[in-house]
Amino acid sequence: MMKKNITIYGNHQFLLELMRDFLDANGFSKLHPIYLVSSNQEIEQIDVAKIDFLILNLTAENINEKFELIDKLLLLNSEMKIIVLSGNSDVKIIKRLFDKGIKAYLGKNTDSEEFLKSIQSAKKGLVYINEDTKNDLFNYICSVNDPDREKPSGADELTAREMDVLSLICEGLRTKEIAEKLFISVHTVESHRRNIMLKLNINNSSRLVKYAIDHSLVK
């Protein structure tokens with residue numbers, strides 16, 4: 001049986017090789033084959049079901065493609081543990097990454113010790129956020145420093161994708177069925193469901209369906 005692997009994805013070959021050598025020096029290559037990939041095409045040539053850890057070096061370039069890639073990979077392998085390394089400090093993007101199901105986010109001030117901690121945490125199924133990002137993300141989630149928090153919640157705030165999810169919920173589809181129909185991950189569907197309920201100030205699915213029908217949000 002083929003071993004589960006660690007796949008490192010990024011567009012800077014030298015950095016990929018440094019991360020591979022670091023993991024090798026810390027004994028990971030004895031447990032997992034380590035692959036380096038630099039494009040979506042290359043990663044699709046690997047058996048996605050065999051990826052245990054995906055270490056993704058995320059840059060601002062083609063970031064929406066990376067979001068779509070995460071959705072696709074987690075749909076194919078929900079057990080995959082994704083660790084993102086990025087210099088991007090936009091908390092909205094970081095929260096979106098966690099909503100999609102990543103296990104760890106490491107910012108630009110991450111050191112080697114934190115890198116190892118993130119892998120160990122992900123291995124246990126835990127979420128890991130490095131210290132220089134944690135407080136900003138916490139404040140954003142709690143809306144302490146969110147400039148949009150005074151905006152009223154309501155149907156007019158629902159995004160097109162949230163409307164798609166709402167429509168399928170009203171059709172009686174389960175979370176997994178919605179994910180398959182929209183080609184997104186279960187984690188993403190659950191995130192959309194939470195956001196819809198938050199925006200509409202509704203706390204259960206039956207009330208959500210009734211609200212959508214009463215207010216003609218679905219056909």
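The values are calculated or read from the model by the stated rules, or taken from the named source; none is laboratory data. Bear in mind that the values here come from a model prediction, so they are computed numbers and not experimental data. Note: ideal-geometry Cβ built from the backbone for every residue, glycine included; neighbour counts use all protein chains shown.
Observations on the structure shown:
- Taken over region 75-117, residues that are in contact with a Lys or Arg (Cβ under 7 Å, 6 or more places away or on another chain), surrounded by 17 or more Cβ atoms within 10 Å (Cβ to Cβ) and of a type outside the set (V, I, T) amount to 2.
- Considering residues of region 128-159 that are at pLDDT 80 or above, surrounded by 13 or more Cβ atoms within 10 Å (Cβ to Cβ) and part of a loop (DSSP other than H, G, I, E, B) only, the residue farthest from the chain's Cα centre (by Cα): L158
- Qualifying residue in region 107-118 (condition: over 20 Å from L69 (Cβ atoms), part of a helix (DSSP H, G or I), hydroxyl-bearing (S, T, Y) and modelled with pLDDT under 85): no
- Residue, farthest from K108 (Cα to Cα), within region 49-60, restricted to residues that are without any contact (Cβ under 8 Å) to a residue 60 or more places away in the chain and crowded, with 17+ Cβ neighbours inside 10 Å: K50
- If you check I8, I55 for being in contact with a Leu (Cβ under 6 Å, 6 or more places away or on another chain) and of a type in the set (V, I, T), only one passes: I8.
- Residue in region 88-100 that is touching a strand residue (DSSP E or B) at 6+ places or on another chain (Cβ under 8 Å), not in a helix (DSSP H, G or I) and not assigned by TED's automatic domain parsing to the domain that holds R161 present: yes
- Residue check: E177 meets all listed conditions (1) modelled with pLDDT under 90; (2) surrounded by 12 or more Cβ atoms within 10 Å (Cβ to Cβ); (3) of a type outside the set (V, I, T) but one, namely (1).
- Selection count where residues are within 22 Å of the chain's Cα centre (by Cα) and in contact (Cβ under 8 Å) with a residue 60 or more places away in the chain, scope region 20-42: 0
- All helices (runs of 4 or more DSSP H) inside region 1-76 with 3 or more residues being at pLDDT below 85: 40-44, 63-76
- Scanning region 160-214 for residues that are in contact (Cβ under 8 Å) with a residue 60 or more places away in the chain, in a loop (DSSP other than H, G, I, E, B) and in contact with a helix residue (DSSP H, G or I) (Cβ under 6 Å, 6 or more places away or on another chain) yields I184, S185.
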